[in-house]
Amino acid sequence: MADNSSNPVAPIPKTTRPMSEALLNEKWDRCLSSMLIRSGLGLSFGIVFSVLLFKRRAWPAMVGLGFGAGRAWEECDNSFKRAAAPSKDGLRVIRP
Amino acid sequence: MLRASLLRARPALRPIAPAVRPQWRVAQRFYADDKKLSETVIPNPAPSVTPSNPSPAGTNAIPSSDVPRTPPTPQTTGRSAAVDQPATTPPTGPGTASVAPDPKAAPKPKKRRFRRFLFYMTLLSALGYAGGVWYSLVSDNFHDFFTEYIPFGEDAVGYFEEREFRKRFPGRAGQPRLHPQVRGENKVTIPGKHGLTSRVAEGGDFASKGPHVSAVADNTPAKSPTTSAQPKVSSQPSAKAAPKVPEPQKAEPKVEPKKETPAPATPTNATSHLDHLAVPAAGEPVVQDVVKIVNDIITAINADPSHGGKYTSALDKAKSELGKVVSDINMLKDNLNKSAEEKVRSVHTEFDTAAKELVRRLENEMQNQETHWKEEYENERERLSSSYREKLQAELDAAKKVYEQRLKNELLEQSIKLQKSFASSVRERVEAERDGRLGKLNELSSSVHELEKLTSEWNTVVDANLKTQHLVVAVEAVRSALDNQVIPKPFITELAALKEIANDDPVVSAAIASINPAAYQRGIPNAAQLIDRFRRVASEVRKASLLPEDAGVASHLASLAMSKVLFKKSGLAVGGDVEAVLARTEILLEEGDLDGAAREMNGLQGWAKVLSKDWLGECRRVLEVRQALDVIATEARLQSLLVD
């Protein structure tokens with residue numbers, strides 16, 4: 001009995017799919033991380049451009065940051081909106 | 001004819017017949033020989049020499065022959081009679097044959113007519129004879145007449161009958177030809193034919209009746225009635241050659257008429273009349289002829305008136321000599337007769353002895369045969385009797401065996417019958433006895449059976465109760481396992497045990513099938529765990545409670561920020577917003593109404609529903625399991641109720 005109980009214990013936390021209540025939190029995590037990466041990338045590209053082309057001016061770096069942040073925002077917004085549709089998860093699908 | 005047939009039919013006499021036949025034949029042969037002798041003797045001296053030889057040897061032969069030739073003319077009637085006789089006589093007698101030539105010489109002028117007559121007569125007689133023979137073969141009456149009265153008719157008819165008989169039975173060739181005369185008739189025929197005694201009487205008859213009796217005589221009276229005596233005389237000695245007794249008798253009548261005839265002549269001639277020759281024993285035909293000739297001569301001399309006793313001496317001498325000769329002849333004849341008789345007697349005796357010998361031999365043979373047959377008969381009889389006795393014995397044995405067997409069988413049958421009857425009676429008694437006690441026993445056994453049935457029924461009831469009990473126990477075990485778990489654990493084993501106990505109950509199996517496989521594979525959370533998880537889900541749902549439809553990042557940020565400042569509702573809040581639903585659900589969960597809580601949570605929309613989806617699924621699984629267990633428990637209860 002102990003074996004039986006111990007064996008199924010393992011598979012329960014093993015679920016790859018995230019719990020439904022943690023769904024929104026996960027999206028938030030991804031949005032933040034992507035914003036950081038893309039804004040950092042845009043910033044770095046702007047700095048390089050300002051150094052190479054615009055003689056160390058500040059605005060090319062800022063524009064680059066803006067592009068990066070805007071891109072991340074757009075992605076995050078899209079993911080939120082797409083996830084709003086009611087998922088079929090948890091319902092039994094009876095195929096004809 | 002009838003006798004002959006009778007004789008033929010008598011076979012016993014046949015062997016004897018040959019012995020007798022020769023005897024008769026001898027007699028006949030003797031007669032035939034005699035006849036032939038006379039015939040042969042006479043023709044030699046035939047016309048006139050014979051008479052001259054014996055008698056007028058001493059006298060003149062020539063004148064005697066000459067003389068008669070002249071005188072016969074007036075005596076034509078007598079001669080003719082004598083001539084006529086030969087026409088008939090040739091078959092019968094020799095005496096006339098000798099006489100015949102004499103007259104024939106005389107009637108030479110009438111030769112043609114006479115010859116024709118003779119020819120016709122012979123033809124007629126031959127035809128008549130043939131016809132008689134033929135008709136006698138046809139008619140019995142005529143046969144009797146013909147054989148009795150016609151001379152040689154019997155022989156002729158017998159010959160033809162014999163021929164016919166031979167033709168009909170060729171095997172019996174050795175049969176005697178003249179059997180009718182030979183056999184049994186001997187005693188009758190011999191005297192009739194022989195004529196030693198009976199002819200005497202017939203002779204007398206002939207003398208009196210003359211023309212009536214014999215066919216031979218019939219001719220003579222027609223032609224010359226006067227000389228009828230003479231032909232008879234001639235015929236009779238011819239028929240019987242050696243009769244001694246009749247001769248004198250016949251001679252006397254002959255002599256007497258001759259004496260008579262001259263008697264009328266004597267008165268005319270006074271003294272010179274010569275006596276006729278009278279031979280005392282002139283039976284012999286030759287002597288008769290001689291006497292006749294002499295008498296003729298004497299008559300001629302007597303007739304001649306001029307003889308004057310010239311020839312008396314010579315005639316007397318001739319007479320005496322003739323008498324001597326006649327006596328000599330008679331003596332010779334007597335001697336001959338005696339010798340013949342002796343011969344006949346000796347032959348008779350010989351034949352008698354032979355016959356006796358034959359008869360004796362036959363008798364011996366017959367006796368031998370008889371004894372042989374007797375022995376055979378005895379043997380055969382004994383053999384037959386023994387065989388029959390054996391057969392009888394065998395039959396008796398068989399019959400006895402059969403009878404014994406049958407008796408045994410009957411005994412066996414009776415014993416079987418008795419045994420059967422005994423067995424049946426015993427069975428009846430036993431049945432009668434048994435019926436009393438067996439009835440009670442049957443009652444007892446029936447009651448025992450009833451008891452057994454009852455116990456078996458109760459056993460089934462107990463079994464069913466046990467089953468339901470087990471089912472209930474199993475259901476309780478599953479429930480307790482679900483309730484007492486710290487973390488959700490799979491309960492497949494419990495369900496399997498429950499299914500086994502339910503023994504494939506359709507209701508139980510259907511209830512188990514209604515459970516989601518994920519439930520018993522992963523296990524289900526109990527009530528405390530569900531509430532704990534609900535609290536986590538509720539905080540998340542509250543964060544997204546203010547989100548609009550198709551919310552973007554900004555709205556999410558706003559709802560997140562604004563939800564922190566929202567007032568929490570508690571108790572049975574009224575309203576359809578997320579906060580009220582969550583408060584009601586929490587209350588329901590705390591009350592234990594999982595079903596209601598699930599219904600409340602199911603009413604959420606948008607992101608709130610998405611976030612509470614997992615919890616809701618879990619809630620549903622738990623509810624399914626609970627329902628199934630409830631169904632099984634009620635089924636067990638129903639079964640326990642159904643048993644009674």
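Determine whether B:ALA464 is more than 30 Å from B:GLU586 (Cα to Cα) and within 14 Å of chain A (Cβ to nearest Cβ).
No, not satisfied.
Being over 30 Å from B:GLY606 (Cα atoms) and buried (at least 18 other Cβ atoms within 10 Å of the Cβ) is the filter; apply it to region A:49-81 and report the residue that is farthest from the other protein chains (Cβ to nearest Cβ).
Taking the candidates together, the pick is A:SER50.
Can you tell me which of B:GLU443, B:GLU476, B:GLU433 is among the acidic types (Asp, Glu) and within 30 Å of B:LEU642 (Cβ to Cβ)?
One residue alone meets the criteria, B:GLU476.
Quick one: would you say B:PHE119 is modelled with pLDDT of 80 or more, within 30 Å of B:GLN288 (Cα to Cα) and in a helix (DSSP H, G or I)?
For B:PHE119, the condition - modelled with pLDDT of 80 or more, within 30 Å of B:GLN288 (Cα to Cα) and in a helix (DSSP H, G or I) - is met.
Given (1) over 26 Å from B:GLY523 (Cα atoms); (2) in contact (Cβ under 8 Å) with a residue 60 or more places away in the chain, where does B:SER563 come up short, assuming only one miss?
With (1) over 26 Å from B:GLY523 (Cα atoms); (2) in contact (Cβ under 8 Å) with a residue 60 or more places away in the chain applied to B:SER563, the lone miss is (2).
Within the set of pairs 6 or more residues apart or between chains, which connect a residue that is within 14 Å of chain B (Cβ to nearest Cβ) and touching a residue at least 40 places away in the same chain (Cβ under 8 Å) inside region A:20-48 to a residue that is among the charged types (D, E, K, R) and surrounded by fewer than 19 Cβ atoms within 10 Å (Cβ to Cβ) with Cβ atoms less than 8 Å apart?
Listed pairs, sorted by first residue: A:SER20/A:ASP89; A:CYS31/A:GLU75; A:SER34/A:GLU75.
Taking helices (runs of 4 or more DSSP H) that fall entirely within region B:475-559, which contain at least 1 residues that are within 13 Å of chain A (Cβ to nearest Cβ) and among the hydrophobic types (A, V, I, L, M, F, W, C)?
Because the criterion is at least 1 residues that are within 13 Å of chain A (Cβ to nearest Cβ) and among the hydrophobic types (A, V, I, L, M, F, W, C), the helices (runs of 4 or more DSSP H) in region B:475-559 that meet it are B:492-502, B:517-522, B:527-543.
When region B:566-613 is examined, which residues are found to be touching a residue at least 60 places away in the same chain (Cβ under 8 Å), under 20 Å from B:GLY523 (Cα atoms) and within 14 Å of chain A (Cβ to nearest Cβ)?
Residue satisfying the conditions is B:SER612 alone.
The values are calculated or read from the model by the stated rules, or taken from the named source; none is laboratory data. Quick caveat, the model's predicted, so the values are computed rather than measured. Every residue, glycine among them, receives a Cβ derived from its backbone with ideal geometry; neighbour counts consider all protein chains shown.
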